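A short worksheet on the structure shown next.
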Amino acid sequence: MSSSIVRRFPVGAEVQPGGGTHFRVWAPAPATVDLHIEGAAASVQLDREDEGYYSTLVANAQAGTRY
């Protein structure tokens with residue numbers, strides 16, 4: 001995870017002070033996890049982390065974005 005990512009909780013969607021929203025889930029079983037943003041043309045594949053977590057930063061997601 002980038003040092004510029006600010007998280008208060010281990011999982012969930014958190015709006016970032018520098019812009020965008022960081023999404024993080026715990027899903028140890030699947031090989032991949034995709035994020036679907038309402039109204040987006042395509043889904044975003046989350047990056048696999050250690051211990052079953054997946055995450056990504058979506059630059060254009062903000063407070064109120066539905067996913």
Of everything in the range 20-41, what is surrounded by 14 or more Cβ atoms within 10 Å (Cβ to Cβ) and hydroxyl-bearing (Ser, Thr, Tyr)? Give them in sequence order.
Thr21
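Report the residue count in the range 42-67 for those that are in contact (Cβ under 8 Å) with a residue 40 or more places away in the chain and over 14 Å from Arg7 (Cβ atoms). Before you say what the answer is, go through the steps one by one.
Let us first name the residues in the range 42-67 that are in contact (Cβ under 8 Å) with a residue 40 or more places away in the chain, namely 49, 53, 55, 57, 59-63, 65, 67.
From the residues that got through so far, the ones that are over 14 Å from Arg7 (Cβ atoms) too are 59-63, 65, 67.
Adding up the residues that qualify gives 7.
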Quick one: how many residues across the range 7-19 are in contact (Cβ under 8 Å) with a residue 12 or more places away in the chain and either under 9 Å from the mean Cα position of the chain (by Cα) or surrounded by fewer than 17 Cβ atoms within 10 Å (Cβ to Cβ) (or both)?
8
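Read-outs: derived from the displayed coordinates by stated rules, not from any lab. The structure displayed is predicted, hence computed values, not measured ones. Cβ atoms come from the backbone with ideal geometry, glycine included; neighbour counts cover every protein chain shown.
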